1. Given the condition at negative phi, touching a residue at least 40 places away in the same chain (Cβ under 8 Å) and buried (at least 16 other Cβ atoms within 10 Å of the Cβ), answer yes or no: does some residue in the stretch 49-60 qualify?
2. Take the stretch 61-94 and flag every residue that is closer than 22 Å to A15 by Cα and in contact (Cβ under 8 Å) with a residue 24 or more places away in the chain.
3. Checking the structure you have, find out if any residue of the stretch 2-16 is surrounded by fewer than 16 Cβ atoms within 10 Å (Cβ to Cβ) and on the phi > 0 side of the Ramachandran plot.
4. Limited to the stretch 14-36, what total is found for residues that are touching a residue at least 24 places away in the same chain (Cβ under 8 Å) and farther than 19 Å from A71 by Cα?
5. Scanning for something of a type in the set (S, T, Y) and at pLDDT below 90, does the stretch 10-29 turn up at least one residue?
6. For residues that are closer than 30 Å to R21 by Cα, assigned to a helix (DSSP H, G or I) and of a type in the set (G, A, S), tally how many sit in the stretch 46-94.
7. Going through the stretch 6-41 one residue at a time, which ones are farther than 20 Å from R53 by Cα, charged (D, E, K, R) and outside any helix (DSSP H, G or I)?
8. Would you be able to say whether some residue in the stretch 19-40 is β-branched (V, I, T), within 15 Å of the chain's Cα centre (by Cα) and more than 16 Å from K3 (Cβ to Cβ)?
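The values are calculated or read from the model by the stated rules, or taken from the named source; none is laboratory data. All of these numbers come straight from a predicted model, not from anything done at the bench. Cβ sites come from the backbone with ideal geometry, for glycine too, and all protein chains shown count toward neighbours.
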Amino acid sequence: MEKSRDGLISVTVDARGDLIRLDIDPRIYRRPDARLLADTIAETVHRAAETARQRVLEVFAPLIPAEQMRAVIDGDAAAVMRLFADQMAGRKGT
């Protein structure tokens, strides 16, 4: 979960950064600025997704090289297969 800088918006994302919950404090309506609200939501979701991504990398660090895990998170199947092939061939740097 991540909160907006003003604490009025909180978002929860899953391990891939997909939004699964959005909570808006009613006090947000004291300053009716739709553009600011949209920007604040977008920024908060972005920060939550990046936090989730970093947490996944930390959890899997002992098992999977960070570069390979990033490729998995990003859905980059070609990079995953290339990195896996490099590992199988014993090439360093993966």
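1. The answer is yes, given that some residue of the stretch 49-60 is at negative phi, touching a residue at least 40 places away in the same chain (Cβ under 8 Å) and buried (at least 16 other Cβ atoms within 10 Å of the Cβ).
2. Matches in the stretch 61-94: P65, E67, Q68, I73.
3. So far as the stretch 2-16 goes, yes, one or more of its residues are surrounded by fewer than 16 Cβ atoms within 10 Å (Cβ to Cβ) and on the phi > 0 side of the Ramachandran plot.
4. Final tally of qualifying residues: 1.
5. Yes, the stretch 10-29 has at least one match.
6. The qualifying residues number 6.
7. Within the stretch 6-41, D6, D23, D25, R31, D33 meet the criteria.
8. No, the conditions are met nowhere in the stretch 19-40.
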